[in-house]
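Structure, as structure tokens:
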Amino acid sequence: MFYGSLYWFRFMKKIIYLLLFLSCHILFSQVKLLSWNVENLGSSKSDKDIAFIVKTINDYDVVALQEIVAGDGGAQAVAKLADELNRKGSKWDYTISDPTSSSAYKTERYAFLWKTNKVKKIGDAWLEKKYQLEIDREPYYCTFDYKGKQFTIANFHAITKSKQPETEIKYFKFLPAQYPTLNLLFVGDFNCPQSHTVFNPLKKMGYTCVFTKQKTSLKKECVEDECLASEFDNIWYNSSKISISNSKVIHFYNSFNSLKEARKISDHIPITTEITVK
């Protein structure tokens, strides 16, 4: 009788643990977000390059890409990514921006890719209109719904450090008020470290960066095993509306024999986090 009761107790204990695990997983399940400056994504990327990018981003739910060439080769490359992703088991969709309003030499496209069984796109994605003259490569917005809660990603690639990206990032402080009903995340390559004072207005509004003192651009050559150069890529979110976890960067260059070879893929590493909309 004693052994029967003990067996039953252990069995019920396992059931309780399983139910707790499942309830926590359901309650706290999150959206895996990846952002990556893929450096001139277009016809110059080989099928091998496309396959490597697909392998790198396949485990994520929403992917924001920057630096897609403005010509037809850029749109075709994103379409190839989506096609290859769809061969991996999950159903993916994508949207790509029109060329940004910057000069012919600087204009680019942005793209979003997402797993349709994880999130739903709400409405059309759009390029920023109000500040398209003040911001060289104006942000590209897309709103997603996850289990009835929405968030909007502002995908962005700033002008280079030598051109003083803070002169355009300063306009970001106006965007939350411009879109008061949207839960904004600012994602991408800011060509500017999170410690810069230009981000102070966003911080005062409750925005927090995912990464601190995390270098994300590649050097041309590793020096004493240091292969990363600058703190450029980041994700800014309103901490009163979103919580994050499991943030990390992907050192994809470790898959190559040299940085020269890795830089054929990109001169930036992907950044990732998991978000929960409160």
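The values are calculated or read from the model by the stated rules, or taken from the named source; none is laboratory data. Worth saying up front: this structure is predicted, and the values here are computed from it rather than measured. Ideal geometry is used to build each Cβ from the backbone, glycine not excepted, and the neighbour counts take in all protein chains shown.
Structure summary
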read-out: Selected residue (criterion: surrounded by the fewest Cβ atoms within 10 Å (Cβ to Cβ)) from residues of segment 89-114 that are without any contact (Cβ under 8 Å) to a residue 40 or more places away in the chain and out of contact with any Lys or Arg (no Cβ under 9 Å at 6 or more places or on another chain); value: TYR105
read-out: Selection count where residues are within 15 Å of the chain's Cα centre (by Cα), more than 13 Å from ILE269 (Cα to Cα) and not aromatic (Phe, Trp, Tyr), scope segment 209-241; value: 3
read-out: Residue match in segment 172-191 (condition: aliphatic (A, V, I, L, M) and assigned to a loop (DSSP other than H, G, I, E, B)); value: yes
read-out: Residue check, SER245 touching a strand residue (DSSP E or B) at 6+ places or on another chain (Cβ under 8 Å), exposed (fewer than 14 other Cβ atoms within 10 Å of the Cβ), of a type outside the set (Val, Ile, Thr) and modelled with pLDDT of 95 or more; value: yes
read-out: When residues of segment 69-88 are limited to those that are in contact (Cβ under 8 Å) with a residue 12 or more places away in the chain and not in a helix (DSSP H, G or I), the one surrounded by the most Cβ atoms within 10 Å (Cβ to Cβ); value: VAL69
read-out: Neighbours by Cβ (under 7 Å, 6+ apart or cross-chain): first from segment 176-201, farther than 18 Å from VAL249 by Cα and touching a residue at least 40 places away in the same chain (Cβ under 8 Å); second surrounded by fewer than 24 Cβ atoms within 10 Å (Cβ to Cβ) and among the aliphatic types (A, V, I, L, M); value: PRO176/MET205; ASN183/ILE242; ASN183/VAL277; LEU184/ALA154; LEU184/LEU175
read-out: Members of segment 129-156 found to be over 18 Å from the mean Cα position of the chain (by Cα) and not small (Gly, Ala, Ser), listed by number; value: LYS129, LYS130, TYR131, GLN132, LEU133, GLU134, ILE135, ASP136, LYS147, LYS149
read-out: Test for SER195: is it over 22 Å from LYS45 (Cα atoms) and of a type in the set (Gly, Ala, Ser); value: yes
read-out: Members of segment 102-125 found to be part of a strand (DSSP E or B), within 10 Å of VAL62 (Cβ to Cβ) and under 15 Å from the mean Cα position of the chain (by Cα), listed by number; value: PHE112, LEU113, TRP114, LYS115
read-out: Contacts under 7 angstrom Cβ, first residue in segment 255-267 being touching a residue at least 40 places away in the same chain (Cβ under 8 Å), partner part of a helix (DSSP H, G or I), 6 or more apart; value: LEU259/TYR253; ALA262/PHE252; ALA262/TYR253; LYS264/ASP49; ILE265/ASP49; ILE265/PHE52; ILE265/ILE53; ILE265/PHE252
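Listed here are the residues, each with its yes/no results for (1) polar (S, T, N, Q); (2) in contact with a Ser or Thr (Cβ under 7 Å, 6 or more places away or on another chain); (3) surrounded by 19 or more Cβ atoms within 10 Å (Cβ to Cβ); (4) closer than 28 Å to TRP114 by Cα.
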residue	(1), (2), (3), (4)
GLY148	no, no, no, yes
ILE153	no, no, yes, yes
PHE156	no, no, yes, yes
SER162	yes, no, no, no
LEU184	no, yes, yes, yes
PHE190	no, no, yes, yes
MET205	no, no, no, no
ASN234	yes, no, yes, yes
